[in-house]
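Data block below; observations after.
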Amino acid sequence: MAFEQSWRWYGPTDPISLTQIRQVGATGIVTALHHIPYGAVWPVDEIMKRKKMVEAAGFRWTVVESLPVHENIKKRKRNHRELISNYQQSLRNLGSCGIDTVCYNFMPILDWSRTDVDVPFRDGSRTTNFQERIVAAFDLFELQRPGTEKRYTPSEISAAQRYFDGLDAAEKEGLLRMVVLGLPGSGETLTLQELKDALKEYDDVGDADLRGNLHHFLKEVTPAAEEAGVLLAIHPDDPPRPLLGLPRIVSNAEDIAQLLGASPSLHNGLTLCTGSLGAGYTNDVAGITRRFADRIHFVHLRNVRRNPEGDFLEENHLDGDVDMYGVMKELLLEQQRRVREGIGHHRMPMRPDHGHLMLDDLGKRYYPGYSLYGRMRGLAELRGLELGILRSLQDAR
Ligand code: DNO
């Protein structure tokens, strides 16, 4: 048995159609109701409409990515109680429509972040990267909030200073755009003032508070997920460390152990994102996969080249610092265990996460990382690796 091969589709506005996706080899669609505002309940009729669309094209709606967690839940402020009950209701609605896996994240303000989403790659394709000194320069010299220097080491400050001094006036002006627009996960573009205001709201939410808020959220929503037959799968932080002074709490094995322990139910699980975790210099992704295998409900596979300073570049799926063979093998062994022990939940949907902008896609506009050919190449390579490992496991028996 192989993983369910899946593909992220942003819905009817995605430049890649479901008809095209049939040719890339995927059978599962990962999508979300992006038109529903954060915090609102996902109504059954809207869920059914999307489900029918996906099924009419010959796919299964295999995972919701994402059912977003509203900032007030992360901060545990204002109407957070009402928002949590909305979240529970959305889970029940999804479950009643037969959707059983939900991905989400708990990163404050900014989702996945890059400092450049159009980096020339050695083969002529374009990729994304993240450079710590650029974020530090923005934080120290543009945001200029009190106490910022304390969060950086002297060598980080001087690297940021050197970078900043090398910029001309226009580039300095572009820094906000580069950092905020380059933060593709933030969805909408924030002005400098809006970003400052949003950050201020987190002044009194430190690492321990954010963990407490996540654990509280899990205690509240896991029972609803169980009741609804839905598996929750938290997405790790990308990059896996604090950003602009905002705490990040799903960055390494210890964080994962804590959050899975906070609500020890199968329904409180993990999205294994090899690229996000792989960007952590000390993270052993194959080891993390082995340790938490029984709670992994969804898999994002991609690779990075990283350094100890915290910089990284998105590589080809099989090249880079993540041991893709090791990760894949652990996952396949886990799938075989689930089948053998009759545990169910053995689809283990996997998707090629991000891809380079390449070939005929060059020059076209896509949400960064979500072009056609780059992901298609990734999926093809990953499927080959999977088949090779599967057959060698069979032959070894
Ligand atoms: C980026 C994605 C993330 C992910 C969310 C899940 O490509 O992996 O934006 O969807 O963090 O909530």
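Assorted remarks:
- Selection status of R133, among the charged types (D, E, K, R), open to solvent by 80 Å² or more (accessible area, probe 1.4 Å) and within 29 Å of the chain's Cα centre (by Cα): yes
- Selection count, the stretch 87-134, where residues are under 28 Å from K196 (Cα atoms) and away from the ligand (no atom under 14 Å from the Cβ): 9
- Here Q23 meets the list (1) in contact (Cβ under 8 Å) with a residue 24 or more places away in the chain; (2) closer than 30 Å to L331 by Cβ almost entirely, failing just condition (1).
- Beta carbons closer than 8 Å, at least 6 apart along the sequence or on distinct chains, pair a first residue in the stretch 105-123 that is closer than 12 Å to G369 by Cβ with a second that is at pLDDT 90 or above and small (G, A, S) for W112/S276; V117/G369.
- Restricting attention to the stretch 219-242, the residues being closer than 16 Å to N105 by Cβ and open to solvent by 10 Å² or more (accessible area, probe 1.4 Å) number 4.
- Search result, residues across the stretch 279-315 that are charged (D, E, K, R) and assigned to a strand (DSSP E or B): R305, R306, E314
- Hits in the stretch 15-32 (condition: crowded, with 18+ Cβ neighbours inside 10 Å and either over 13 Å from L67 (Cα atoms) or in contact with a helix residue (DSSP H, G or I) (Cβ under 6 Å, 6 or more places away or on another chain) (or both)): I16, L18, I21, V24, A26, G28, I29
- Identity of the residue in the stretch 347-366, in contact (Cβ under 8 Å) with a residue 40 or more places away in the chain and exposed (fewer than 14 other Cβ atoms within 10 Å of the Cβ), that ends up farthest from W9 (Cα to Cα): L362
- L199 of a type in the set (A, V, I, L, M, F, W, C), at pLDDT 90 or above and in contact with a helix residue (DSSP H, G or I) (Cβ under 6 Å, 6 or more places away or on another chain): no
- Among the candidates E173, E142, E149, residue that is open to solvent by 30 Å² or more (accessible area, probe 1.4 Å), closer than 16 Å to P242 by Cβ and more than 25 Å from the chain's Cα centre (by Cα): E149
- Checking each residue of the stretch 8-24 against the condition of being under 21 Å from H346 (Cα atoms) and either modelled with pLDDT of 95 or more or among the acidic types (D, E) (or both) gives at least one match.
- Qualifying residue in the stretch 266-273 (condition: surrounded by fewer than 22 Cβ atoms within 10 Å (Cβ to Cβ) and assigned by TED's automatic domain parsing to the domain that holds G378): yes
- Summed over the stretch 241-278, residues that are assigned to a loop (DSSP other than H, G, I, E, B) and under 18 Å from E334 (Cα atoms) total 3.
- The residues in the stretch 259-295 that are under 12 Å from the mean Cα position of the chain (by Cα) and acidic (D, E) can be counted, and the count is 0.
- Figure legend. Inter-residue proximity from the stretch 41-70: first residues closer than 25 Å to M348 by Cβ and among the hydroxyl-bearing types (S, T, Y), second residues within 16 Å of the ligand (Cβ to nearest atom) and open to solvent by less than 60 Å² (accessible area, probe 1.4 Å), beta-carbon distance below 6 Å, spacing 6+ or different chains. Indicated pairs: T62/S6; T62/G28; T62/P349; S66/A32; S66/C103; S66/Y104.
- R78 meets the conditions (1) out of contact with any helix residue (DSSP H, G or I) (no Cβ under 6 Å at 6 or more places or on another chain); (2) more than 16 Å from the ligand (Cβ to nearest atom); (3) not in a helix (DSSP H, G or I) in every case but one. The failed one is (1).
The values are calculated or read from the model by the stated rules, or taken from the named source; none is laboratory data. Quick caveat: nothing in here was measured; it's all calculated off a predicted structure. Counting neighbours? That spans all protein chains shown, and the Cβs are built from the backbone with ideal geometry, glycine included. Ligands, DNA and RNA are stripped out before the accessible areas are found, and what is left, the full protein with its side chains, is counted by its heavy atoms. Shrake-Rupley method; radii C 1.70, N 1.55, O 1.52, S 1.80 Å.
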